[in-house]
Amino acid sequence: MGVVNVTPDSFSDGGRFVDADAAIAHGLRLRADGAEILDVGGESTRPGAERVDPAVEQERVLPVVRALAEAGAEVSVDTMNATTAVAAVAAGALIVNDVSGGLADPELLAAVAATDAEIVLGHWRGPSADMYAQAQYDDPVREVVAELARRVEAAAAAGIPPSRMIADPGIGFGKRGEQNWAVLRGLPRLIGLVPRVLVGTSRKGFLGSALGEPDAPVDDLARRDLATAVTSVLAAQAGAWAVRVHEVTPTRDALRVAQHWEGEGRWMSRTRSR
Ligand code: PMM
């Protein structure tokens, strides 16, 4: 899954694709690089970010969703708003990617249930403005699995069958450095929840810390993209169905190389089977 952020303030690529034509061109490049899904978002979720008005969000994402879907891409929309989700599905999106797992907007799950779209349910404990206030865990894996299980139940109660759900541990969302690594180590425990799990580590701060980089700004994207390729391969090996990345080429190459090590027919075939 390639990231197409149409925002002026996303933490690692903010501001570069706020104009629709540039975002569309970027999405097409990611697709040519090998992305099988393009995730279009108009609201930054970086730590400290303020919420965006849904009308502004829709102005940003809808032309991009429409153009990429018309070009034949499988498009997901990264939104926490029911109205944006429904409008994006009408514009051609096949997946609604809600990092809040339906918690931010109480209308979203029912709205998605009324469409044919699939849904990504992310693990989330509160808005980006103060997300680290919630980063208190006794056992990160057990708590993330239990809290995501409740989102899966809520989505099912709203009328979405598990076959249309994708779970995401929400790496970086209300989790500090080591808590993210603990959740990633526990990934196999998430896989039993719903058949498909998506993992997004791309360029996140905990990778910078692992590399010994200062927290911000992200000044060496190539190093973060290499670290992302490593965690993405490990996530795929642990059973993830898809990985969400800003730069497709390094992760695609790493997955190809790892596939040779594993041999045909192992985890790579599982990553995109529905
Ligand atoms: N991370 C970001 C945004 N959307 N969606 C999913 N499903 N999983 C993630 O980990 C995730 C996401 C973080 O912001 P970015 O777009 O700048 O990477």
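Between Ala222 and Asp33, the contour length at 0.36 nm per residue exceeds the Cα-Cα span by 66.4 nm. Within the listed set Leu221, Leu103, Leu62, the Gaussian network model of the chain (springs between alpha-carbon atoms below 10 Å) gives the highest mean-square fluctuation for Leu221. If you plug the beta carbon distance of Ala210 and Glu143 into 1/(1 + (r/R0)^6) with R0 = 22 Å, you get a FRET efficiency near 0.50. Take 242-252, 67-77, 141-151, 48-58 and order them by the average number of nearby Cβ atoms within 10 Å per residue, most first; the result is 242-252, 67-77, 141-151, 48-58. Among Trp181, Trp261, Trp124, the largest mean-square fluctuation in a Gaussian network model of the chain (Cα springs under 10 Å) belongs to Trp261.
Taking every DSSP helix (H) stretch of at least 4 residues in the chain, weighting each as -39,500 (n - 2.57) and dividing the sum by the residue count yields a mean residue ellipticity at 222 nm of -13500 deg cm²/dmol. Go ahead and set up a Gaussian network model of the chain, Cα springs under 10 Å, then flag whichever of Asp98, Asp138, Asp253 fluctuates most. Fluctuation is largest for Asp138. Under the convention that each Lys and Arg Cβ holds +1 and each Asp and Glu Cβ holds -1, the size of the dipole of the stretch 67-142 around its Cα centre is about 100 debye.
Determine one quarter of the surface area of the Cα convex hull of the stretch 156-263, which equals its mean projected area, and express it in nm² to one decimal.
Working: hull surface 31.3 nm².
Computing the convex hull of the Cα atoms and averaging its projections yields 7.8 nm².
Considering only Gly92, His260, Leu211, the residue lying farthest towards the positive end of the dipole of the chain is His260, judged by Cα position with unit charges set on Cβ. Scanning residues 5 or more positions from Ile171 or on other chains, those with amide H under 5 Å from its amide H are Gly200, with H placed 1.01 Å from N in the peptide plane. In this rough spin-label picture, where each label sits 7 Å from Cα along the Cβ direction, the Ala135-Val230 distance is 2.0 nm.
Fully extending the segment from Ala110 to Arg150, taken as 0.36 nm per residue of separation minus the present Cα-Cα distance, adds 12.9 nm. Size of the chain from its Cα atoms: along the principal axes, largest to smallest, the extents are 42, 40, 38 Å. Once both labels are positioned 7 Å from their Cα atoms along Cα-to-Cβ, the gap between Ala55 and Thr83 label points is 0.8 nm. When only the Cβ of Lys, Arg, Asp and Glu is charged (+1, +1, -1, -1), the dipole of the stretch 133-274 relative to its Cα centre reaches about 560 debye.
To the nearest 20 debye, what charge dipole does the chain have about its Cα centre, counting +1 at the Cβ of each Lys and Arg and -1 at the Cβ of each Asp and Glu? Write down the numbers at each step before the final one.
Details: 28 positive and 37 negative charges, 177 e Å.
Here the size comes out at about 860 debye.
Each reported figure results from applying straightforward, stated rules to the coordinates on display, with no laboratory input. What you see is a predicted model; the values in this text were computed from it and never measured. Glycine gets a Cβ as well: all are built from the backbone with ideal geometry, and neighbour counts include every protein chain shown.
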